[in-house]
1. Using a basic spin-label model with each label point 7 Å from the Cα along Cα→Cβ, how many nm lie between Val92 and Trp35?
2. Mind ranking 52-64, 170-182 by how tightly packed they are, going by the mean number of other C-beta atoms within 10 angstrom, highest first?
3. Rounded to the nearest percent, how much of the accessible area of the chain (1.4 Å probe, protein heavy atoms only) is carbon and sulfur?
4. Pick out, from Val22, Tyr152, Trp168, the residue whose Cα sits farthest towards the positive end of the charge dipole of the chain, with +1 on the Cβ of Lys and Arg and -1 on the Cβ of Asp and Glu.
5. Among 142-155, 98-111, what's the highest-first ranking by average C-beta atoms within 10 angstrom per residue?
6. Take the stretch 39-163, compute every pairwise Cα distance, and split them into 5 Å bins from 0; I just need the percent in each bin.
7. Please report, to two decimal places, log10 I(q)/I(0) for the stretch 1-54 at q = 0.15, 0.29 Å⁻¹ as given by the Debye formula with identical point scatterers on the Cα atoms and no solvent.
8. Which value in nm describes the separation of the simple spin-label points at Met99 and Thr184, placed 7 Å from the Cα toward the beta carbon?
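The values are calculated or read from the model by the stated rules, or taken from the named source; none is laboratory data. Computed from a predicted structure; not experimentally measured. Note: ideal-geometry Cβ built from the backbone for every residue, glycine included; neighbour counts use all protein chains shown. In case anyone asks, the SASA skips ligands and DNA or RNA and just uses the protein heavy atoms, side chains included. Shrake-Rupley method; radii C 1.70, N 1.55, O 1.52, S 1.80 Å.
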Amino acid sequence: MTGRLLTLHLRSRGAPTFLVGVGVIALLAWAAGTWLASRPYFDGPAARVPVVALAPLLAALLLGPTLAGADEDLERSTPLPWRAWRAGHLLVAALVTAMALSVAGLRAPDTYGAHALVRNALGCVGLVAGGAVLLGARLAWLPASVYVCAVYAAAPRQTGVVVAAWAWPIQPSTITASWLTAATIFIVGAAGYVHAGSRAPAVRRFRSGGAP
């Protein structure tokens, strides 16, 4: 029975599409990172900053639609331990994303490679999970996209603790503050999603008699 429920859950959330998408992103990240690192006019592996910043973001954006079903209110009315299901869903998705992307940066893992990809995957998944709680699954991509793109565009040259904390998506993986920030974002976003789930659309909540 549990296996059948799990299969139905994964299908209803679009898990196959998510898995294929993450695989494609990992493959493209590997190709782009290898090309950038091999160009003589770039700074070797350090030139992979765009890949480290954008590949985890794109993978996390694919996760957004899977964080809610077609009818979130109907699902919550069923007698299932939804907090446990949400926790398992998010943790497995984060693990799959981090593992797939880490393969793309194994050639030089310490220099904008596998380690930074794992860090950014955790941070971006946390942002998307938090976005689902605040804005709903359809708009869960918005906070992560705005934040990561803004940090990448700003491209701060300083390497102090404060800068490393807020500009974590483009920091070297050797900076502890960037890991602490990404881990905190993941924990907060995951905790919020596990506790509250994805925010239901306003129209649906109004029709079902819930608070607007």
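1. If labels sit at Val92 and Trp35, their model points lie 3.4 nm apart.
2. 52-64, 170-182
3. So the carbon and sulfur contribution to the accessible surface is 72 percent.
4. Result: Val22, furthest along the dipole toward the positive end.
5. Ranking, from highest mean packing down: 98-111, 142-155.
6. Pair shares across the bins are 2, 11, 17, 20, 18, 13, 8, 5, 3, 2, 1, 0.
7. -0.56, -1.02
8. So the two model labels end up 3.0 nm from each other.
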